[in-house]
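Have a look at the structure below, then the notes.
The values are calculated or read from the model by the stated rules, or taken from the named source; none is laboratory data. From a predicted model like this one, the values you see are computed outputs, not experimental measurements. Cβ atoms come from the backbone with ideal geometry, glycine included; neighbour counts cover every protein chain shown. The accessibility values were calculated without ligands, DNA or RNA, using every heavy atom of the protein model including side chains. Shrake-Rupley method; radii C 1.70, N 1.55, O 1.52, S 1.80 Å.
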Amino acid sequence: MELAYVCEWEKRPKSTHCPSIPLVCSWSCRNLVAFTTDLKSDDDDKDVSHMIHIIDTEHPWDVYSINSGHTEVISCLEWDQSGSRLLSADGDGHIKCWSMSDHLVNSWESILSSSLDGDPIVALSWLHNGVKLALHVEMSGSTNFGEKFSRVKFSPSLTLFGGKPMEGWLAVTVSGLVTVSLLKPGGALLTASESLCRLRGRVALADIAFTGGGNIVVAATDGSSSSPVQFYKVVVSVVSEKCRIDTELLPSLFLRCTTDPLRKEKYPAVTHLKFLTRENSEQVLLCASNQSGSIVECWSLRKEGLPVNNIFQHRSPVVGEKQPTILKWRILTTTNDLERVSAVALPKLPISISNTDLKVASDTKFCPGLGLALAFHDGSIQILHRLSLHTMGVFYGSSSSGQRPGEEPAIKRQRTGGPALHFKALQFSWTSLALAGVDNHGKLHMLRVSPSMGQVLEMNTTLRHLLFLLEYCMVTGYDWWDVLLHVQPTMVHNLVEKLHEEYMRQNQALQQVLATRIVAVKASLCKLSTATAARACDFHAKLLLIAISSTLKSLLRPHVLNTPDKSPGDRLAEICAKNTDTDIDKVMINLKTEEFVLDGPPLQSLQQLIQWVGDFVLYLLANLPNQVTAHLRVGHVLMVLYILQGSMVRPGFGFMRDGASLGMLREMLVMIRIWGLLKPGCLPTFTATSDNQDSMQLLFRLLTKLWLCCKNQTSSDPGLVYECCLLPSQLLVPSMDWLPVNDGIIVKLQGKHPLRLQFGKASSLPGGGSTAPLEVFSRSPGSQKMDNLRCVHMGVCPTEESKACTRCGCVTMLRSPNKTNAMKQWEQRWIKNCLCGGLWRRIPPTLT
């Protein structure tokens, strides 16, 4: 384990730390981290401890602080399964639901709330939606994604008509109440409360888990280690438009340390209570503490045979009769005496933890998801095996006294008279490869958790583990930022190639589902190395190309509505694939041109997208001689030189051998040619040196020749290269404005030294590496700023508010300047997410 970065607050003279305030932290599947701090402000206007801070891990300095309106200390934060909504609860019984305003990660608003006035919330969870995916480590070598990741039969906590899961949340209060709030389809909130049992008692700690049958299990304790830890089954239903809650008492347990004569009164308080996973209510983790130390126990619920009285031993058994069984809690393991535990984090990776699966994980040396994290008051963190509780890894914190010999301190401790630096809240990422922690000084720490847990692995084994987790993120839709933390520049090329090989082995239907997601993963990987940065440009251009192609084809309508054969877009692709003629007009003859008849306004409004297609084809063809020269120069060692000297390979190189993308460009040129006959104003404009130059005809002819070379897998025709050399003298080649350099932090974390950042100050980010950025990424101060989605220029100093993608850096205007339906439909496709699937964040005009 090692520190990646730490982000701290600007020093505030009127703010002090309050050690008694508990901190909470929650990490969403979209890599958004929400946390609270223990700062108390002396100002009268607001209490800083009631603020909720939200960051995306790629831009940790860009913090959005919500003045939550909670009147007491915030006790719980919980993301929903999509990572787009956040629940917060406080010590006065108030629960608020937050969602993004305008789908921006740095703009939030409270949309719903519920309350039990004066009854503090101790546990909070969203109802389960019934979606559970199992990750099979033993099948990591399989070529089928369906064998590596399988859907587990799991019932939602509550269903609507037709089996659709009903949304809502459940909370447990300190007085022993369980409250449920349901989101009705119309937006109304249905709330009900019920006592966990007939004799209500104080609940100091609680946790919530779910069963495959749709039930909810609540674990609760009054905080005393001498008292039993109680478990309750909670069933939620809707009867006559009213929410109904039924509870049932389940078997309970007493901590082992209270029955040990040596430790009977040593640890008087239960400080942490957690189910090992939220979908497994049969394994629980307990931590008992005193002022200086702690002990951790892991328990499992097992079904055991009930012994029969001797009177019935000799009775003749009835056919089919089974021995009666009973559920009983059995201790799995316990730790030795530990330093006092300050925070606990449990892994979210859904690997099975049966003995067989654990043996497979041990054989394959696959460690992610096997360990839980314990933070201690001395500032250290230990990763313990989630069942055996043996130590798998240690982080020694900022204390130089706890360091191993020869190691540099992660961050020099400030010499203050206050308490030692330690973590008060800790959370694993969704692949368990990173830890986010908030310390007692309000700083946010990001730690890498090695997938090998310190084991020395072969490069191929490390690549296989990272590839397995990238595939998992690709299938689930979770963000893969934490996986990129462990990818070194020398791994990028192999990971991209292996990921493509695995993708091509999937069935056609799955390939279509993952078509854009795999391109986005490749683009993220290629940005990590200067040798592959040009390929990142190509992948982003491919995302835009796929989006424009599907949008233009969606405008086509069959001439006869009940046509039984393929759609116009499919027929266009089929005819263009079969017809190898270099004359665009001859290709048009084989098409039913009446299917391409559209009204003028939609075509005219999409001209900027059509113009981008034309400019992109011209750029590719004009740069073909440079790419071919590089290809001929290195011969059979092209890929080796490509990795070592990435500056040779320019953006566009990846398209030279991508027959599918070149075929897509041919299809769009044919469509644009037909539309140009109906509405000449929609055609792309080119600056030609001759008045009688048919630019579309010329580009189509050269593009077809290049496409045929890819299709036949032959080297580029010398005649084609010669014609492309002449192209700049015939047409003015535009300078393609590729995506801007992403100002995120992931490319800065290649080294082993942690970064120190400051909230609210992007300038605190140090310069990126020793190598200069590619020329294609550089921007002069007076250059035009580009709207990368609408393909229009915004001017040198844009006045419009803009938003940028948290993943790729794509910039677009926040408000639409268009009024036509066709362009609004294009913009609506990207209202929630970028082309690459990343989230949007508002940026000031100076950053565009």
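Descriptive notes on the structure:
- Residue list for the range 168-194, filter: open to solvent by 20 Å² or more (accessible area, probe 1.4 Å) and small (G, A, S): S175, G186, G187, A188, S193
- Restricting attention to the range 661-684, the residues that are open to solvent by 10 Å² or more (accessible area, probe 1.4 Å), of a type in the set (A, V, I, L, M) and under 14 Å from Q611 (Cα atoms) total 1.
- Scanning the range 231-257 for residues that are of a type in the set (S, T, Y) and in contact with a Phe, Trp or Tyr (Cβ under 8 Å, 6 or more places away or on another chain), we see that the one that is nearest to V180 (Cα to Cα) is T247.
- Exactly one residue out of K348, K359 is open to solvent by 80 Å² or more (accessible area, probe 1.4 Å), modelled with pLDDT of 65 or more and either closer than 20 Å to E279 by Cα or part of a helix (DSSP H, G or I) (or both), and it is K359.
- Comparison of V137, V73, V131 shows that the only residue that is β-branched (V, I, T), touching a helix residue (DSSP H, G or I) at 6+ places or on another chain (Cβ under 8 Å) and over 20 Å from V438 (Cα atoms) is V137.
- Filter result (modelled with pLDDT of 85 or more, farther than 12 Å from I674 by Cβ and surrounded by 15 or more Cβ atoms within 10 Å (Cβ to Cβ)) within the range 582-603: T582
- Only residues that are over 26 Å from K132 (Cβ atoms) and surrounded by fewer than 20 Cβ atoms within 10 Å (Cβ to Cβ) were counted in the range 69-90, giving 3.
- Members of the range 276-296 that are within 18 Å of V217 (Cβ to Cβ), of a type outside the set (V, I, T) and in contact (Cβ under 8 Å) with a residue 40 or more places away in the chain: L276, R278, E279, N280, S281, Q283, L285, L286
- Scanning the range 101-130 for residues that are under 30 Å from W830 (Cα atoms), in a strand (DSSP E or B), of a type outside the set (D, E, K, R) and open to solvent by 30 Å² or more (accessible area, probe 1.4 Å) yields S110, I111, L112, S113.
- Put simply, of W108, W126 the only residue that is at pLDDT 95 or above and farther than 30 Å from H500 by Cα is W126.
- Any hit, the range 558-576, residues being outside any helix (DSSP H, G or I), under 30 Å from C805 (Cβ atoms) and open to solvent by 20 Å² or more (accessible area, probe 1.4 Å): no
- Taking (1) buried (at least 17 other Cβ atoms within 10 Å of the Cβ); (2) at pLDDT below 90; (3) farther than 24 Å from L552 by Cα in turn, T806 satisfies each apart from (2).
- Boolean, S716 is more than 30 Å from G809 (Cα to Cα) and either surrounded by fewer than 17 Cβ atoms within 10 Å (Cβ to Cβ) or within 44 Å of the chain's Cα centre (by Cα) (or both): yes
- Residue in the range 362-379 that is modelled with the lowest pLDDT, counting only those that are more than 25 Å from the chain's Cα centre (by Cα) and under 29 Å from T461 (Cα atoms): S362
- Hey, K148 basic (K, R) and surrounded by 13 or more Cβ atoms within 10 Å (Cβ to Cβ) or not: yes
- Test: residue in the range 763-785 that is surrounded by 13 or more Cβ atoms within 10 Å (Cβ to Cβ) and at pLDDT 85 or above: no
- Within the range 656-670, the set of residues being hydrophobic (A, V, I, L, M, F, W, C) and at pLDDT 90 or above comprises A660, L662, M664, L665, M668, L669, V670.
- The sole residue among V449, V394, V475, V438 that is over 24 Å from the mean Cα position of the chain (by Cα), of a type in the set (A, V, I, L, M, F, W, C) and modelled with pLDDT under 95 is V394.
- In the range 131-180, the residues that are within 23 Å of the chain's Cα centre (by Cα), over 28 Å from S240 (Cα atoms) and part of a loop (DSSP other than H, G, I, E, B): K132, H136, S140, N144, V152
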